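The values are calculated or read from the model by the stated rules, or taken from the named source; none is laboratory data. This is a predicted model, so every value here is computed, not measured. Glycine also receives a Cβ, built like all others from the backbone with ideal geometry; neighbour counts cover every protein chain displayed.
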Amino acid sequence: MKRLILALFFMSNHTISIGQINKFDSLANEMFFNIFIYKPDTSVFDFVQKYFPGFTKPFKQGHWTIYPPGPPPELEYTVHSIKFKKHPYFDAKFREGKLDILASEEKGGRPGVTDFQLWFMFDNKPDAQNAFDMLSKMFDTLSKSKKIFQKNDKTVAEYCDKTIFNEATSVEFILTNDELQDDKYKIFFRLGSFTYSN
């Protein structure tokens, strides 16, 4: 429950009008193809329009919805993915990238976002390390706090635009071996370092 509340809080911070967005949030949104500012890049537009059409136009505030009495609606948990060879805002040398949007949805209903993740796959460690360094440089100049550390053979970077680190308004990326392919590497990128903690 804590994760869902934090995810909703984070998304509310990142699905705001262009006039209110700072440079850190702008870069974080670009990494996710500008989906959360309702301007999905052409490379993912059809995918977003098919599964999450609410992100193709600015959100209009509505009213509270009250579910009818009885048991809450039964939800299915799904992952909607799109693979890509190039990223419009991240010009690193990767073999393949993947955007995963995790959702919960009522049977027959439209999915609601619960989490979002980016993956970059590499053929070798130098390409992966160069991409990790490139991401670090991109966020270094816009962050007020950062942590880069080793954890179980993984290199983890956490950046935040607040002086006091705030998990809900941060980005985190992790460089690690690809456990399914020898001598291959990957970078996992997410908004908010709370996603898999605890």
All-but-one check, Pro126 against (1) over 19 Å from the mean Cα position of the chain (by Cα); (2) within 20 Å of Ser43 (Cα to Cα), failing number (2)
Flagged in region 176-198 as at pLDDT 90 or above, within 13 Å of Trp119 (Cβ to Cβ) and not acidic (Asp, Glu), in numbering order, are Thr176, Lys184, Tyr185, Lys186, Ile187, Phe188, Phe189, Arg190
Of the conditions (1) within 28 Å of Phe47 (Cα to Cα); (2) more than 17 Å from the chain's Cα centre (by Cα); (3) acidic (Asp, Glu), the single one that Asp140 does not satisfy is (1)
Only one of Phe36, Phe10, Phe59 is outside any helix (DSSP H, G or I), modelled with pLDDT under 90, touching a Ser or Thr at 6+ places or on another chain (Cβ under 8 Å) and not acidic (Asp, Glu), namely Phe59
Q.
When you scan region 133-143, do you find a residue that is more than 17 Å from Phe32 (Cβ to Cβ), of a type outside the set (Phe, Trp, Tyr), part of a helix (DSSP H, G or I) and modelled with pLDDT under 95, even just one?
A. yes
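Filter region 110-156 for residues that are among the hydrophobic types (A, V, I, L, M, F, W, C) and in contact (Cβ under 8 Å) with a residue 60 or more places away in the chain and give the result.
Looking only at region 110-156, we keep the residues that are among the hydrophobic types (A, V, I, L, M, F, W, C), and these are 113, 116, 118-122, 128, 131-132, 134-135, 138-139, 142, 148-149, 156.
Answer for region 110-156, where residues must be among the hydrophobic types (A, V, I, L, M, F, W, C) and in contact (Cβ under 8 Å) with a residue 60 or more places away in the chain: Val113, Phe116, Leu118, Trp119, Phe120, Met121, Phe122, Met138, Phe139, Leu142.
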Picking from Pro88, Pro73, Pro40, the residue that is more than 17 Å from Tyr185 (Cβ to Cβ), surrounded by fewer than 16 Cβ atoms within 10 Å (Cβ to Cβ) and within 17 Å of the chain's Cα centre (by Cα) would be Pro88
Scanning region 39-56 for residues that are in a loop (DSSP other than H, G, I, E, B) and either of a type outside the set (Gly, Ala, Ser) or out of contact with any Phe, Trp or Tyr (no Cβ under 8 Å at 6 or more places or on another chain) (or both) gives Lys39, Pro40, Asp41, Thr42, Val44, Phe52
In region 91-128, residues that are of a type in the set (Asp, Glu), at pLDDT below 90 and over 18 Å from Leu191 (Cβ atoms) total 2
